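Any read-out appearing in this document is the output of simple, stated calculations on the displayed coordinates, not a laboratory observation. All figures in this text were calculated on a predicted structure; none of them were measured in a lab. Note: ideal-geometry Cβ built from the backbone for every residue, glycine included; neighbour counts use all protein chains shown.
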Amino acid sequence: MRWTQTYIPTLREVPSEAELISHQYLLRGGYIRKLAAGVYIYLPLMQRVIEKFSRIVREEMNRAGAIEITMPVLHPAEVWQLSGRYNTVGKEQMRLKDRHEHELVLGGTHEEIVTYLLKGELKSYKQLPINLYQIQVKFRDEIRPRFGLMRGREFIMKDAYTFDADEKSFDVSYQKMVDAYFAIFKRAGLDTRKVESDTGAMGGKAAHEFMLIVDTEGGEQNLVFCDRCEYAANMEKATFREANPPALESELHPVKEVDTPQASTIEEVTALLKVEAKRLVKTLIYLGDGKPVAALIRGDRGLNLTKLKNHLGVNELEMAPPSIVEKITKCPVGFAGPIGLPNIPIIVDNEISRLRNFITGANKFEKHLINVNLGRDFKATAVADIVEAQAGEKCPLCEGYLTIKRGIEVGNTFMLGTKYSASMGAFFLDAEGNEKPFIMGSYGIGITRTPQAAIEKYHDSKGIIWPKNIAPYLVEIVPVNYEKEEHKKAAEHIYKELVNNDVDCLLDDRLDRAGVKFNDADLIGIPVRITIGEKSLKQRRVEIKYRGSDNVELVELDGVVAVVRKLLSQVN
RNA sequence: CGGGGUGUAGCGCAGCCCGGUCAGCGCGCCGCGUUUGGGACGCGGAUGUCGGAGGUUCGAAUCCUCUCACCCCGACCA
């Protein structure tokens, strides 16, 4: 392709809407333009990236035995009512009415549709297992779209759905998708980690996420890894064992009220009473589906909202506003404690059951209680793991220690069980003639977000450094003086050679100055750049360099294809 | 939805407080010329319902009211 014949509107300045470097480069490099909040136009370069990544996804999905279909984006609300999710997905679901006042939704995912498809059609265990997938636009009315393609309201996703007759067969199907995912991301030049994740609104028994580890702002999630074994989980899901548990005191001392003037935060109280934060117990008041509940965790821990939410079995969990806290504790915020609370559930973190003579708020202004003990002084409604994992704690599985890294989710896999098949009445007959619901799995890959994640990981101060297999072009030819006849001839010669050898190639045939072309080339990030300039051309040579390094190789005009091939084979 | 902020030329912004040569700057764009290996220079030029509606006023980009869009923080995230 010639630069002047396609459309690559690069920008010199950073559009004010972009925060992340990857988002900035997508805009500046002429890959995308915003149409509305979270809604983007994919320009020619982006179109090619999508095409390249989609091809890898298709090839690996097909290899794994999945079958491609295309399901509609527009769904009748009734199908969503069948699974019951119509009432639980909430405002994320785009809804509309047609001219007949018929309720429709725009699909944010397709479990219902694919289950509806197979319900009634697929009747025998002999037809199982089956894996159907599509690459399709999705709509989610995100509460706050941001970061360009990373969290849009409209985006492209590959979603696959497996149907199995029994757990054993399902395990095989699931593993096939896991293997396919690793193969896909590897081919795309992206080293991903599989982590355990919460199942969230999808339901089902377990789930994993495929994460690209990054060290920039773009990391959307904290991930917990063991430094010794394979344990990996996202923050919502991660568990741990304490590396340095406080010594268990043998004697229980009597509770005593102490003055803690102007000390309501953990820092202030520990400083005042000269104790470690791990001897303090925080009493946090939350509202679970509107009803107050107290959560007790150690002073040095953070509450894991997802764990508490799952434990309580509520849909919504939010910190209680000060007015409610004050009503419940009958004192200003900052001095809440478990003793003397009205009749509300008290959920106590596991660690506290191993703590004696600890310190809590007294439910009195500027007072705390010392030597408080669980069981003797107050009762727990439940004891559970409700805190966030922290770096330096021990792995739940082995003797290793946990580290925390930032990652971007590029794929996910869900073990759905029979949640959708059972609720929607999608049954088959097994070998004994019994009617059974399908055992399902669902598997997503963000087609538009993955390239942005790749940019977040692979870039420098000048622009993108694409992994070759998802780059819009493999080679960019930059004739420094395209208007000079010899330069033009050489450029056209190389262009033709590469195209004839099926190397995706972009020829910068603009009449701009060299600096403009070099800067644009760095910005859009094509892996190989071939520069045609005065000095080298006199020796019938051109310069070849990889975007990710400064090494320049001088190559004979006729030897370009071979050198390009070799260079490409050596880079990510 | 709560808190904060921004809408002025394709992009980045100034002007707003204190109403009156304030319709401006840089980049980009068009023309001519010079230049030509890391975002050139000169000369000439085009481009705006100042987000929208209403109001105050002799007069509004500027003050007031309403409204829409977008951005940031939080809640949320199949």
Selected from A:PHE155, A:GLY533, A:ALA277, residue furthest toward positive end of dipole (chain A; charges at beta carbon): A:GLY533
For chain A, give the magnitude of the charge dipole about the Cα centre (Cβ charges: +1 Lys/Arg, -1 Asp/Glu; no others), in debye to the nearest 20. 420 debye
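Would you kindly calculate the mean projected area, averaged across all directions, of the convex hull enclosing the Cα atoms of chain A, in square nanometres? Could you put the intermediate results ahead of the total?
Numbers: hull surface 134.4 nm².
Average of the hull's projected areas for chain A equals 33.6 nm².
Distance cut-off 18 Å, Cα to Cα: go down the list A:LYS119/A:LYS168; A:LYS138/A:LYS158; A:LYS282/A:LYS367; A:LYS462/A:LYS488; A:LYS517/A:LYS545 and report the pairs above it.
From the list (A:LYS119/A:LYS168; A:LYS138/A:LYS158; A:LYS282/A:LYS367; A:LYS462/A:LYS488; A:LYS517/A:LYS545), the Cα-Cα distance tops 18 Å for A:LYS119/A:LYS168; A:LYS462/A:LYS488.
So what is the calculated 222 nm ellipticity per residue for chain A, using -39500 (n - 2.57) for each DSSP H run with n of 4 or more, over all residues, to the nearest 500 deg cm²/dmol? Before the final figure, lay out each step's value.
On the way: 14 runs with 146 residues, N = 572.
For chain A, the value works out to -7500 deg cm²/dmol.
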For A:GLN221, enumerate residues with amide H under 5 Å from its amide H, sequence gap 5+ or separate chain, H modeled in the peptide plane. A:GLY407
Nearby aspartates and glutamates by direct alpha-carbon distance to A:LYS330 (threshold 13 angstrom, same-chain neighbours under 8 apart not counted): A:GLU366
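Which of the GluC sites (Glu not before Pro) found in segment A:235-320 are loop residues per DSSP with 12 or fewer other Cβ atoms within 10 Å of their Cβ?
Numbers: sites: A:GLU236, A:GLU242, A:GLU249, A:GLU251, A:GLU257, A:GLU267, A:GLU268, A:GLU276, A:GLU316, A:GLU318; in loops: A:GLU236, A:GLU242, A:GLU249, A:GLU251, A:GLU276, A:GLU316.
Hits after loop and neighbour filter: A:GLU251, A:GLU276, A:GLU316.
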For segment A:296-312, Karplus-derived ³J(HN,Hα) couplings (6.51, -1.76, 1.60; θ = phi - 60°; whole Hz; x for glycine and proline) come out as 9, 9, 5, x, 8, 10, x, 6, 9, 4, 5, 4, 5, 4, 5, 5, 7
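So what is the relative contact order of segment A:473-570, in percent, for Cα pairs below 8 Å that sit 6 or more residues apart?
The value is 30 percent.
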Quick one: which residues, 5+ away or cross-chain, put their amide H under 5 Å from the amide H of A:GLU393? H built at 1.01 Å from N. A:LEU402
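Highest first, please rank the peptides A:486-493, A:99-106, A:414-421 by the mean number of other Cβ atoms sitting within 10 Å of their residues. Mind dumping the intermediate values first?
On the way: A:486-493: 17.4, A:99-106: 12.2, A:414-421: 22.6.
Per-residue mean Cβ counts within 10 Å order the peptides as A:414-421, A:486-493, A:99-106.
Taking the square root of 5 times each eigenvalue of the Cα gyration tensor, what semi-axes in Å does the equivalent ellipsoid of segment A:256-384 have, largest first?
Details: eigenvalues 97, 53, 34 Å².
Whole-Å semi-axes of the equivalent ellipsoid: 22, 16, 13.
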Please give the Cα centre distance for segment A:117-169 versus segment A:462-505, rounded to the nearest Å. 39 Å
Determine the relative contact order of segment A:256-384: mean sequence separation of Cα pairs under 8 Å and six or more apart, normalised by residue count, in whole percent. 29 percent
Relative contact order (%) - chain A, alpha-carbon pairs under 8 angstrom, separation at least six: 17 percent
Residue by residue through segment A:552-569, the couplings from Karplus 6.51 cos²θ - 1.76 cosθ + 1.60 with θ = phi - 60°, in Hz, x for Gly and Pro, are 10, 10, 8, 10, 4, 3, 8, x, 5, 4, 4, 5, 4, 4, 5, 4, 4, 6
Summing +1 for each Lys or Arg and -1 for each Asp or Glu, what net charge is found among the other residues whose Cβ lies under 15 Å from the Cβ of A:LYS538? 0
Applied in sequence order to segment A:340-349, the curve 6.51 cos²θ - 1.76 cosθ + 1.60 (Karplus, θ = phi - 60°) yields integer Hz couplings, x standing for Gly and Pro, of x, 6, x, 6, 10, x, 10, 9, 10, 5
Interchain or sequence-distant (5+) residues whose placed amide H lies within less than 5 Å of the amide H of A:LEU43 are A:ILE32, A:ARG33
Compactness of segment A:473-570 - radius of gyration and Dmax, Cα, Å: 11.9, 33
